[in-house]
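Contents: one structure, followed by commentary.
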Amino acid sequence: MPAPPYEKSVFINCPFDTAFEPLFHAIVLTVTALDFVPRCARETEGEADPRIFRIAKGLLQSKYSIHDLSRYQGEGAENLARFNMPLELGMALCIRYLGDTEQRVPGHKHNWLALVPPNFTHQRVISDLAGYDAPDHDQQPVTIIRRVASWLMKQPDYAEPVPTARAVFEAYPRFRERLEQKREEALGDLTWPAILNCADEVVAGMVL
């Protein structure tokens, strides 16, 4: 299957666990509603290539990427923090400047958005982002939708007409309900194609 158009592809780098799932779905719906194409590591599940290769490939095929850095606390009995999100943000940062140093990709200027926890907490764990005005969020879908929609509307490949951020938020409960129906039909397994199909279905019913 051919990759979606580079100019419309948005690679999503965020936790995929149950606790973060409502926010992940909010990002997917917002990206879809604003006429971009969500991409993430889940799209290549089932392929034999290593996960890091599949992530790098998806980032290289996407003009845009969204990186959620709100999960910075340690987890489990050993209080270990996970560094997958900063790692993939670093990959996106390198890709952004690849076009400046390698003539084989002229004009490919990758742009990225980092979503961070409130109160500048991220600057204590990733101080090199101190000069970047990263939008924060409070772990609520409405905030995620507002942040992502606002950023996408500023990109050169954004084009109207598309639903407003309010319309996306109002459609979000329907999206979640449809996803749960798909999950039940699949005996608990919610695949990436099913998520995209539900997003397209919900967006098609939204009023511009």
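The values are calculated or read from the model by the stated rules, or taken from the named source; none is laboratory data. As the structure is a computational prediction, the values presented were derived from the model and not from experiment. A quick note on method: Cβ atoms are made from the backbone with ideal geometry, for glycine too, and the neighbour counts reach across all protein chains shown.
What the table below lists for this structure:
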item: Listing of helices (runs of 4 or more DSSP H) fully contained in segment 98-208 that carry 2 or more residues being at pLDDT 90 or above and touching a Phe, Trp or Tyr at 6+ places or on another chain (Cβ under 8 Å); result: 141-152, 192-204
item: Residues (under 19 Å from Lys8 (Cβ atoms) and not β-branched (Val, Ile, Thr)) located in segment 132-154; result: Ala149, Ser150, Trp151, Leu152, Met153, Lys154
item: Filtered residues of segment 31-57 (kept if buried (at least 22 other Cβ atoms within 10 Å of the Cβ) and either of a type in the set (Lys, Arg) or outside any helix (DSSP H, G or I) (or both)); result: Leu34, Phe36, Pro38, Arg39, Cys40
item: Residue that is farthest from Glu177 (Cα to Cα) [pool: residues in segment 1-30 that are aliphatic (A, V, I, L, M) and not in a loop (DSSP other than H, G, I, E, B)]; result: Val10
item: Selection count where residues are hydroxyl-bearing (Ser, Thr, Tyr) and either under 18 Å from Cys198 (Cα atoms) or under 11 Å from the mean Cα position of the chain (by Cα) (or both), scope segment 4-56; result: 3
item: Qualifying positions in segment 29-54 - of a type in the set (Val, Ile, Thr) and touching a strand residue (DSSP E or B) at 6+ places or on another chain (Cβ under 8 Å); result: Val31, Thr32, Val37
item: Filtered residues of segment 176-208 (kept if free of Cβ contacts under 8 Å to residues at least 60 places away in the same chain, closer than 15 Å to Val28 by Cα and surrounded by 15 or more Cβ atoms within 10 Å (Cβ to Cβ)); result: Arg178, Leu190, Ala194, Cys198
item: Subset of segment 17-48 [free of Cβ contacts under 8 Å to residues at least 60 places away in the same chain and in contact with a Lys or Arg (Cβ under 8 Å, 6 or more places away or on another chain)]; result: Phe20, Val37, Ala41, Thr44, Glu47
item: Residue in segment 58-83 that is farthest from Leu115 (Cα to Cα), counting only those that are at pLDDT 75 or above and surrounded by fewer than 17 Cβ atoms within 10 Å (Cβ to Cβ); result: Gln61
